[in-house]
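The values are calculated or read from the model by the stated rules, or taken from the named source; none is laboratory data. Only a predicted model underlies this, so the values are computations on that prediction, with no experimental measurement involved. Counting neighbours? That spans all protein chains shown, and the Cβs are built from the backbone with ideal geometry, glycine included. Please note that ligands, DNA and RNA were not included when accessible areas were found on the heavy atoms of the full protein model with its side chains. Shrake-Rupley method; radii C 1.70, N 1.55, O 1.52, S 1.80 Å.
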Amino acid sequence: MTTLQAINGFKDILPDQIHLWQRLEATATDICRRFGMREIRTPILEKTELFVRSIGEATDVVEKEMYTFADKGLTMRPEATASIMRAFIEHGMHVQQPVQRLYTMGPMFRHERPQKGRLRQFHQFDAEIIGPTEPQQDAELIAMGHLLFSELGVKVSLELNSMGCPKCRPAFRQRLIAGLEGVQDQLCEDCRRRLHTNPLRVLDCKKPGCRALVADAPSIQDALCENCTSHFATLRDTLDLLGIPYNLNRFMVRGLDYYTRTTFEFVTDQLGAQSAVGGGGRYDGLIAELGGPAVSGIGFAIGMERLILLMEQNEKENSAALSDTDIYLAALGPEELKHCTLLAQFLRQQGLRVALDYSGRSLKAQMKIAGRMQAHYTLIVGEQEWAGKEAILRDMQTQQQGGFSLSGSPLEQSERLAVVLRAGSGKSDPA
Ligand code: AMP
């Protein structure tokens, strides 16, 4: 019988990696709190129409990457913004509070060719601010992303562009088409098709041939209307004020149709072909387009797997081994084991991380287990220690050991032990 394996592009997140996920989730949650954002969780399945109408029919995501149950008209979400906007409209959230600052974290699904940093089920941390139109708000959201990377110790750079608005973009689009029509035979197959459906996408095609052809294309930043120009200028001034560096990148065109004005990407050169770690922008027409009120929005999505790859590289550099265990209790007989079972319960009630083994292994075998777990301490209770009412407490890092008195009730013993463990690991007593 063949053994079953996970689907290509769908990955298990194993316990060895979970500390990175938890650190990312905790840091993101805390930063969101500092920026006044509230969590929202939406379903994984939505009506296909939601994504077609919001992301746009002529985008890679909708054209070829969605997991759709065609007979049911349902799709597994490829991103979070559309679902959050649907929920915002459906629950009339703007009536309760005209400015909504929302975030979510969870799995997204896109049928792309899997490779390093590119999966079919991946996770995004997504943040959206609905309501405000001011460019300072765009800067604030970018600053929030920037803070996340810096608190996680990850280096990324920021690429910035403006996509204009329905007033100035159509003329730019026409100019771009006219300029590229002359060289259309030299464009790649995808770009030839995009030239009339989504010509801006040609600007950020990664193929060298197309890159050379658009090198002299007009810049959208020079084609912005007065309002878009001033919005973009204030955004840049605010980023300067906040000390957030950026590169102006007129070729950076985000893949989703709904963006207006500000678009940005956090990029890295440490992940090979997958340089984008996160990205976002302003979507001033999207909510009205989906049947909601005419309010603006701005958001970003950060790919959690890619961010974790970067965190992992850092961790390797720092080679900080993290211990999951404060103490390993090594009992060497039935009475001793009974005592350690109770001690473990009391220590865990006091918030400590405790491991013990019930299978009656030798001291040598148990010390090996404690070592593998990178336990800070081991308490050894053998026959002799039990008889003499004094166990051995060994600091596994320094290899120093001393006696630990087994007098008093097990609860008292656990309390005394907890004090030693907290002092040893530098942890303060939460009580
Ligand atoms: P997007 O919604 O396409 O702008 O993607 C936002 C972020 O999600 C990207 O910058 C990536 O970090 C991440 N991302 C998008 N697609 C994938 C994928 N197939 N696998 C892993 N991460 C992805």
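Below are the figures for this structure:
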{"read-out": "Set of lysines near K368 by C-alpha distance (under 23 Å), chain-local residues within fewer than 8 positions excluded", "value": "K338"}
{"read-out": "Peptides 335-347, 353-365 ordered by average Cβ neighbours within 10 Å, highest first", "value": "335-347, 353-365"}
{"read-out": "Taking the C-alpha atoms of the stretch 49-172, convex hull volume expressed per residue in Å³", "value": "164"}
{"read-out": "L147 versus K11: modelled label distance in nm, points set 7 Å from Cα along the beta carbon direction", "value": "2.9"}
{"read-out": "Cα gyration tensor category, rounded, prolate or oblate, for the stretch 325-424 with a/c compared to 1.5", "value": "rounded"}
{"read-out": "Phi-based couplings in Hz for the stretch 267-278 (Karplus 6.51, -1.76, 1.60; Gly and Pro marked x)", "value": "10, 9, 9, 9, 10, x, 5, 8, 7, 7, 9, x"}
{"read-out": "Accessible area of the stretch 288-382 divided out per residue, in Å², using a probe of 1.4 angstrom", "value": "46"}
{"read-out": "Alpha-carbon radius of gyration plus Dmax, which is the widest Cα pair, for the chain in Å", "value": "28.0, 93"}
{"read-out": "Dipole of the chain, positive direction: furthest Cα of G243, F88, V253, with charges on the beta-carbon", "value": "V253"}
{"read-out": "Helix-derived mean residue ellipticity, 222 nm - over the chain, DSSP H n ≥ 4, -39500 (n - 2.57), to 500", "value": "-12500 deg cm²/dmol"}
{"read-out": "Under 26 Å from the Cα of K47 - lysines, other chains or at least 8 residues apart", "value": "K11, K64, K72"}
{"read-out": "Only Lys, Arg (+1) and Asp, Glu (-1) charged, at Cβ; the chain dipole about Cα centre in debye", "value": "520"}
{"read-out": "Percent accessible area from carbon and sulfur atoms, the chain, protein chains only, probe 1.4 Å", "value": "52"}
